[in-house]
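What follows is a single structure, written as structure tokens, with notes after it.
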Amino acid sequence: MTMRDTTTGAVVTKIGRYTFLSVLLGFFALPMLWLASAPFNAHPTLNVSISSFTLHNFSVLLKDPYALPSLWNSLLLAGGTALLTVGFAAAAAYALSRVRVPGRDGILYALLLLSSIVTGTAAMVPLFQLAFKLHLIDSRLGVILVFTGGLIPAAIFILKDFTDSTPKSYEESARVFGATPFQIIRHIVLPLIRPGPVVNVWGSFLIPYILVRNPDKYPAAVVLYTFYTEGGQPNLALISAFSLLYSIPVILLYLFVSHRYGFRFHGGIKR
Amino acid sequence: MARAASPAAAEDPAGLGRARAAGIAAPALLVVLAFLVFPALWTLYLGTTNYRLTGFAARHPHSVGTDNYTNVVKDPAFHHSLWLTFEYVLGSAVIGQALLGFVIAWMLRDAAGWLKRLVEALVLLAWILPSSVVAFLWVALLDRDAGTLNTLLHTPGTAWAIEHPMSTIIVFNIWRGTAFSMLLYSAALTGVPPSQLATARMFGANQWQQLRDVVFPHIRGHILTNLLLISLWTFNDFTPYQITAGGPDDKSDILPVYIYRTALFDGQMGLGAAISLLMLVINLVVALVYLRLLRERRLERVV
């Protein structure tokens, strides 16, 4: 500790620093307080308060015809996308690393570039028309295929490292690729399933919003939006309990990742 | 191992055969072609037609040449939307998220463990919660009659999202996306040698001088990477639609919302595609600059 730390200047700096951090905490916490309080409020308003604690709002949720099925739909979309992406990308990465294709790396880079350019937002018009022509409107498979198409290039990239480094002789690779399911899961599935893309599909709004018309097939993101935009007084008991339930898997995944690995930067790309 | 000696086996050591390899790779390639490559190319074509969602032109679209493009370029609503998008990306990403993210990373670099964890957890949570949830949280926060913000500020009856729609979505997106910049700058700051900072302090450099002379030269590449990525994501962000839906009176009609309303709400698919093409081109430019940056940095590392 030097002399300068005890001067008034340093004290002012310290006060400024903690004031700033308090304001910062307030800014980030404020919108989330409602998510923590309203679901347990017997008379939820838009304001942050708990007048009397209740779990009744969650029984409102159970009775709603769209709430729980929509969470199931979101799970199908996220799970289906993960499965198709891993399956297709693993097969392609294996084939690409075993057979020499001229310009392979260039093509892969081009596809990776394309997947960051052709976002759902920029391509919503052709994607809608494509789904329409292929009779994939109102189809969960349609939504899954759109997500899968965007994720495969990155997945192949991640997997190629692995397939390139495995022994090249047929006998030896057979040991890995004809290996026990446990080994396949450990070497192929686990490295590929990253929390980022899964959380993204779970929370995605635009693509199902334009491709799904039947409310029975709406994922949670779309159902929640209709809860507060369509007609009359929004049912805050339902919205608050549903928002929390819908967020819990993401919060749990965050806790798991930050506990297990530390939520640090590994170059994962979100959105 | 005798097989490896023949040239054919060297090209195809697994004995897979080109046909079978193609078969194995086909599903992935087909999905990518159909849902990634095709939409990009189809946008080009669609933009030259009068295709509509309903009516006669839906069944019998015909080519209108470059009409859509010239109409878009002349359309004041498009200029308005472009300008709002610029404000949104500049205000919320380039200035808001990048600056706030850096300030948080800088202040927390040697903060107490629990304080650092608490701030990081809240900032990250804002980033990873589903967009529909956070959109409604902000709708509730800003509500005219019962919103928490009006209670706190003693400004009853202020409809923030209606009176200040652009500021609303800009502040919202700062809240939503600062986590990425914070993470990136935290990682970057660990690469700044503490000895150089100590030396600068010894020579009496104040905080700003330390930042300018020691920190920024070290993290220049990270700053550029960060700005490009968050600009790209913010430019393609559809979440503001869930808060203001482009309104009131198109006052927050950023490009993604403008495309949605033109193509899928009004049903003018051809016109919507013409605007989409512009988005794709802007995305392409940003992505190419980013790739170039990565390559340069790799070269620097080699040299």
Kindly provide the set of residues from the range B:69-127 that are part of a loop (DSSP other than H, G, I, E, B) and either of a type in the set (Val, Ile, Thr) or within 14 Å of another protein chain (Cβ to nearest Cβ) (or both), ordered by number.
B:Arg109, B:Asp110, B:Ala111, B:Ala112
Checking A:Pro102, A:Pro65 in turn, the sole residue that is without any contact (Cβ under 8 Å) to a residue 40 or more places away in the chain, in the same structural domain as A:Leu141 (by TED's automatic domain parsing) and more than 30 Å from A:Ile152 (Cα to Cα) turns out to be A:Pro65
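Evaluate the following for B:Arg220: is it surrounded by 17 or more Cβ atoms within 10 Å (Cβ to Cβ) and of a type in the set (Lys, Arg)?
In short, no.
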Among the residues of the range A:68-95 satisfying the criterion of being more than 13 Å from chain B (Cβ to nearest Cβ) and buried (at least 22 other Cβ atoms within 10 Å of the Cβ), which is farthest from A:Glu230 (Cα to Cα)?
A:Ala82
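How many of the residues in the range B:254-303 are assigned to a loop (DSSP other than H, G, I, E, B), more than 17 Å from the chain's Cα centre (by Cα) and not polar (S, T, N, Q)?
3
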If I ask for residues that are more than 24 Å from A:Ala110 (Cβ to Cβ) and at the interface with another protein chain (Cβ under 9 Å from one of its Cβ atoms), which ones from the range B:17-63 would you list?
B:Gly17, B:Arg20, B:Tyr51, B:Leu53
Output the number of residues of the range A:22-55 satisfying the condition of being crowded, with 16+ Cβ neighbours inside 10 Å and away from chain B (no Cβ under 13 Å).
2
Which residues, counting only those in the range B:244-255, are in contact (Cβ under 8 Å) with a residue 60 or more places away in the chain and buried (at least 20 other Cβ atoms within 10 Å of the Cβ)?
B:Thr244, B:Ser252, B:Asp253, B:Ile254, B:Leu255
Taking the range B:88-107 as the search range and keeping residues that are surrounded by 20 or more Cβ atoms within 10 Å (Cβ to Cβ) and over 17 Å from the mean Cα position of the chain (by Cα), which one is farthest from A:Lys14 (Cα to Cα)?
B:Phe102
Can you work out which of the residues in the range A:246-264 that are facing chain B (nearest Cβ under 10 Å) and of a type in the set (A, V, I, L, M) is nearest to A:Trp202 (Cα to Cα)?
A:Val250
Any residue in the range B:271-293 that is among the basic types (Lys, Arg) and either under 14 Å from A:Ala122 (Cα atoms) or surrounded by 23 or more Cβ atoms within 10 Å (Cβ to Cβ) (or both)?
no
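The values are calculated or read from the model by the stated rules, or taken from the named source; none is laboratory data. Because the structure is a prediction, the values reported are computed rather than measured. All Cβ positions, glycine included, derive from the backbone under ideal geometry; neighbour counts span all protein chains shown.
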